[in-house]
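Undergrad: Handing you this structure, nothing more for now.
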Amino acid sequence: MKLPQARPRSRRVLDQSLLVLGATTLAAGLGAMSLAPGISAASSHREAPLIAGDPRADNTDVYAFTSPDKADTVTMVANWIPMEEPNGGPNFYAFGDDLRYNIKVDNDGDGNSDVTYTWRFRNSYRDAANQFLYNTGQVTSLNDPDLNFRQFYDLVVTTGGKSRTVLENVPAAPSRTGKASMPNYTTLRNQATLNLPGGGKTYAGQAEDPFFADLRVFDLLYGGDLSERGQDTLAGYNVNTIAIQVPKRQLALKGNSSRNPVIGIWSTTEREGVTISDSREARHKKDWKQVSRLGNPLVNEVVVPIKYKDAFNTLNPSQDRTVQPVVDKVLDPILPKLIQRVYGIPAPATPRRDLFEIYLTGICKACGPIQADLNAHRLNKDANLKKIVPAEELRLNTAVPPTVRPNRLGVLAGDLAGFPNGRRLADDVIDISLQAVEGAAQTGVLVPALADGDKVNTNEVPFGNTFPYVALPHTKNVNTGPNGPERNARPSSVKNSAAEAPGVEATHAAAIGGMGVGALLLGTGGFRLRRRNKNG
C-alpha cells in the first residue's frame, strides 16, 4: 500500500534568504574555480569534471557499518584512486603526500564533524638515485630492504576542536606489484593493520575495489536495451583503502551509543593549496582546500548537475540546505525523467520528500513520508532538535545489530543493517538507489521493469570476515586487449552466499509488494526502533 504523504513542517521549510545566499556563493565558487583548477572537488569514480585529473584526491566510495564480528564497534572504509590497473608500474599507486585524507562523523545532526580522523602520508625511497623499480626483489615484510618505495603516515583524531596524534610515522601497505614480487600480501596487510590507543584498529594500503556495478549505464542508459546489462565494470581493478574500526562510544553523542546511536559519516580530501608570499611575514603560509567529499553513494554522480558537481564537494554538509540547485535536484531529480524518456516508466510525482528524507535528514516518522524510525539524528535522545539541519551524510543507526544473513538490497528487503542505514561492502547500492529514485522506499513496491537493476549483484571476489574486510588487491591485468582472454571476474549472476540468503532473490519482491517499507522497517526480525517521545 502507498504510505500517506507527510504534511509540511515548519522546521523543514528552507529559509529562502539562505537559499539565495547559498546559490550566490556557489556561483561565485564556480567562477573562482575556473581560475584555479587545483581547488576543485569531486568524488565517486571519476564522476565530476575536474577531479578526473586528480585521482589521488578522488574519493570513490565510503562504507560504514556495525562490525559483523565485533558488534560493539563501527567500521568505516573510504577508498581513493579509481580504476587502478594491477600492472600499472613502475610507480604504481601511492596516497598523495600533499593531501590530507579525512573520515568525519557528525553525532548531533548539525552537519559539522564532531569526530574527525585525518591521515597524512609521506614518501620514502631507499634508493632513488640508482633504481627505477618499486621493489628490487621479493618483498616479505613492510621493512624488507627490497621494498624500495615506502609510505608512512600520521593519524590524528580531532574531537571538540582539539587534535591529538594517535599514530605517528607508521607504515602503509604498498601496492601489490605482483605474485613474484609479493607472494604473500596477507602478511603485508596484517603488518599494516595497527591497533589504536583506547581500542580499535586502522589499515591504510591497497585493496580490491569493493564497488560493483555495470557503469555502461551511462551509455544513454544502455541505449534502451536492458539485455546488455550484467558486466561488472569495476571487476579486476584496485583502489587505495583507508579503514578504521573504533568502539561505538567514541563516535556517539556524549559518548553514549545506547541513548544516541545515530551518526552521520562522510569523507573528504584536502589539498595543500597555493603558497602565498608576503614580505611582511617571516614564513610563507599554505592553505588547505577541500577537493573531494563523499557521503551517500551516487549523489554527486547522478543527482547533482554537471555545473555544480565540483563546487558541491567544496561544501561542508552544514551548508547543503543553503544551496538551491542542489536541494532542487533532490526534490526533483533528473534520473527518473531520463528513465521515463528511455523506457516509458512514469517518473514519481514531485517534490520528492522521500529522497529528501533518505539523503538529507535520515529516515524517521517525523522527517517525511517513509513512515518508520530508522537513522535520523533526531532519534538521538540527547540531540538538540533546533540545531539539526538537512545535510547530505551517510547515516548509520549503530543500535541495529549486524544481520546474520545480509541481503544485498538492504532496507528495501527488510534488512535494517544495510543501505541506506549505513553501507556494507556487499550492499548493492546501484539497484537500491535505482528503486529508491523510482519511489520504492515510499510505495513499498519494486518497479518490475527495473527489478533486475544492472544485473551485477555481487562483487567478483568474496569479502573478508575480519577487519578490514576488503579483499586483497588483484594482480591479474584487466586490460587484456580485444583479442585477449576473458578478464578475471566471476559472472555477476553468481550468488554471493555471504551477502544474500538462499532463495531471497525469488521472495523479496513479493514480500515488499505486500506491505509498505515502513512496516518492514518496524517489523523485521523482531527489531523495533522506537520514536523518542519528544516534541519538535
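The values are calculated or read from the model by the stated rules, or taken from the named source; none is laboratory data. Note that the coordinates shown come from a computational prediction; the quantities given were computed from them, not determined experimentally. When we count neighbours, we look across all protein chains shown, and the Cβ atoms used for this are built from the backbone with ideal geometry, even at glycine. Areas reflect the complete protein model, heavy atoms only, side chains present, ligands, DNA and RNA absent. Shrake-Rupley method; radii C 1.70, N 1.55, O 1.52, S 1.80 Å.
Undergrad: Being more than 16 Å from residue 117 (Cα to Cα) and outside any loop (DSSP other than H, G, I, E, B), is that true of even one residue in region 165-175?
TA: Taking every residue of region 165-175 in turn, at least one turns out to be more than 16 Å from residue 117 (Cα to Cα) and outside any loop (DSSP other than H, G, I, E, B).
Undergrad: Right, another one. Identify the single condition in (1) closer than 30 Å to residue 196 by Cα; (2) at pLDDT below 95 that residue 488 does not satisfy, given that it satisfies every other one.
TA: (1)
Undergrad: Applying the selection to region 423-473, what residues are among the β-branched types (Val, Ile, Thr) and either part of a loop (DSSP other than H, G, I, E, B) or surrounded by fewer than 19 Cβ atoms within 10 Å (Cβ to Cβ) (or both)?
TA: 445, 447, 456, 458, 461, 466, 470
Undergrad: Would you call residue 297 open to solvent by less than 40 Å² (accessible area, probe 1.4 Å), part of a loop (DSSP other than H, G, I, E, B) and at pLDDT below 95?
TA: Yes, satisfied.
Undergrad: I'm trying to understand the selection: among the residues of region 200-230, which are open to solvent by 30 Å² or more (accessible area, probe 1.4 Å) and either modelled with pLDDT of 95 or more or touching a Lys or Arg at 6+ places or on another chain (Cβ under 9 Å) (or both)?
TA: 201, 216, 217, 226, 228, 229
Undergrad: Considering each residue of region 333-370, count those that are open to solvent by 50 Å² or more (accessible area, probe 1.4 Å), closer than 23 Å to residue 451 by Cα and not hydroxyl-bearing (Ser, Thr, Tyr), and give that number.
TA: Qualifying residue count for the region: 10.
Undergrad: Can you run down the residue pairs with Cβ atoms below 6 Å, 6 or more apart or on separate chains, where the first is in region 453-476 and among the acidic types (Asp, Glu) and the partner is surrounded by fewer than 18 Cβ atoms within 10 Å (Cβ to Cβ) and in a loop (DSSP other than H, G, I, E, B)?
TA: Listed by first residue and then by second, the contacts come to 454/229; 460/490.
Undergrad: Within region 373-419, work out how many residues are open to solvent by less than 20 Å² (accessible area, probe 1.4 Å), assigned to a loop (DSSP other than H, G, I, E, B), closer than 17 Å to residue 263 by Cα and not polar (S, T, N, Q).
TA: 13
Undergrad: Something else about it: In the set 180, 192, which member is of a type in the set (Gly, Ala, Ser) and surrounded by 14 or more Cβ atoms within 10 Å (Cβ to Cβ)?
TA: Residue meeting the stated conditions: 192.
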